[in-house]
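Report on one structure; see the data block that follows.
Rule-based calculations on the coordinates, nothing more; no lab input. The shown structure was predicted, so the numbers you read here are calculated from the model rather than taken from an experiment.
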Amino acid sequence: MNKAYSMVAAFSLVMGSILILPVLNIAYAQYSGQPGAATLEEQLTLAKEKISNAQQQGAYGSGTAMFGTNLDSTVLMIILITVIIGGVAAAFFIASGVSSKKKPLAIGADGTTTSGKFCTNCGTQIGDGQKFCGHCGTKA
């Protein structure tokens, strides 16, 4: 396994454990059995009361508007976000098209362009159709 992959895996494990351990403590905190804490039955009763309150007439949502006071501002925010993200995507698309032209990597002494492929072992230039270096035999 590559050293970089090992380092990324170790870093991920460390960060994952740092993030997971506090979550597990919070998840099991209600079952700690500390004095004065609500029992499981009391929590179930409270949950049933919350459900019955939410099902009553006129109990829709939290009462907080999503982006503003009406639907018009929500639609405007969605349009604004779409325009911004579309503009960034268009900029990347245009920028990728500008530099996609193939340029010769090497120019010979007589002014002719070459493929620019060289052997990694001996440095001899390799032709476009060759799979091995003609000088040392290294795979291209």
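Check Phe118: other-chain or 5+ apart residues with amide H under 5 Å from its amide H, H built from backbone geometry?
Ile126
So who's got an amide H within less than 5 Å of the one on Thr138, skipping anything under 5 residues away but keeping other chains? H placed 1.01 Å off N, in plane.
Hits under the 5 Å cutoff: Cys133.
What whole-number distance in Å separates the alpha-carbon centres of the stretch 2-19 and the stretch 116-138?
Cα centroid of the stretch 2-19 versus Cα centroid of the stretch 116-138: 38 Å apart.
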